[in-house]
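Below is one structure, written out as structure tokens; the observations come after it.
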Number of protein chains: 2
Amino acid sequence: MSNLQEQANQLEQALRESKEFQDLKQAYEAVMSDEIAKQMFENFRETQLNLQEKHMQGQDISEEEIEKARQIVETVQQHDAISKLMEEEQKLNNVINEISQTITKPLEELYGAAE
Amino acid sequence: MSNLQEQANQLEQALRESKEFQDLKQAYEAVMSDEIAKQMFENFRETQLNLQEKHMQGQDISEEEIEKARQIVETVQQHDAISKLMEEEQKLNNVINEISQTITKPLEELYGAAE
Ligand SMILES: [Ca+2]
Ligand SMILES: [Ca+2]
């Protein structure tokens, strides 16, 4: 195994063991173990993904669709377990963004040096 | 420093020392040290970025712009130092994609488990 792959595996292990990932896992499992929360969350994710897909394909998104999505967001935000999960997702996103910024530093330095 | 940040730093160091990054660095410096190649490459990158930006903002891209971009790509591909650089960029992209797949495995497992 290359040193690069070994270091990537070690980082993956550290992420898996991190408080942020463990908190996310717990919040995710709490939602998934509640049938109503699970359905609400899956409905929310499906709506988000559909809108994202339409947006990326340059398709028009109707007023009704935007309004429906807005209502779904409002509803899930009021559900304690789901809003907790979304909060933990955001925290892990921040961690991953920081990691990503760290490991792409060599590229930034290389391409930035030309400015 | 958290174990996570320490592992990210070690991975960054491994990437910096990798053959793929060193080869990219060498290819980049070869292009940057040749005034004509440098200008061609920067013109190419600017054109790509402009088109990407327009695309992401949903702006129309004219036939002329597409044709101009196609010609620029053709020209830079025929320049040995630039095509070498583009090849090394592709190789490093592959490395970074592999790293990214490795470190997001915990998330994939968590969210995949619900299917
Ligand atoms: Ca420049
Ligand atoms: Ca390590």
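Under a point spin-label approximation (7 Å from Cα along Cα-to-Cβ), what is the B:Asn94-A:Met56 distance to one decimal in nm?
My value for the distance between the label points is 2.3 nm.
Mind giving me the FRET efficiency for A:Ser33 and B:Gln101? R0 is 30 Å, r the Cβ-Cβ distance, nearest 0.05 is fine. Could you put the intermediate results ahead of the total?
Numbers: r = 29 Å, r/R0 = 0.95.
Once rounded, the FRET efficiency stands at 0.60.
If you plug each phi of segment A:38-47 into the Karplus form 6.51 cos²θ - 1.76 cosθ + 1.60 with θ = phi - 60°, what whole-Hz ³J(HN,Hα) values come out, in order, with x for Gly and Pro?
Whole-Hz 3J(HN,Hα) from phi for segment A:38-47: 4, 5, 4, 5, 5, 4, 4, 4, 5, 4.
Values in this text are rule-based calculations from the coordinates and carry no lab data. Note that the structure is a prediction, hence the values are computed from the model and not measured. Heads up, the Cβs are rebuilt from the backbone with ideal geometry, glycines too, and the neighbour counts pull from every protein chain shown.
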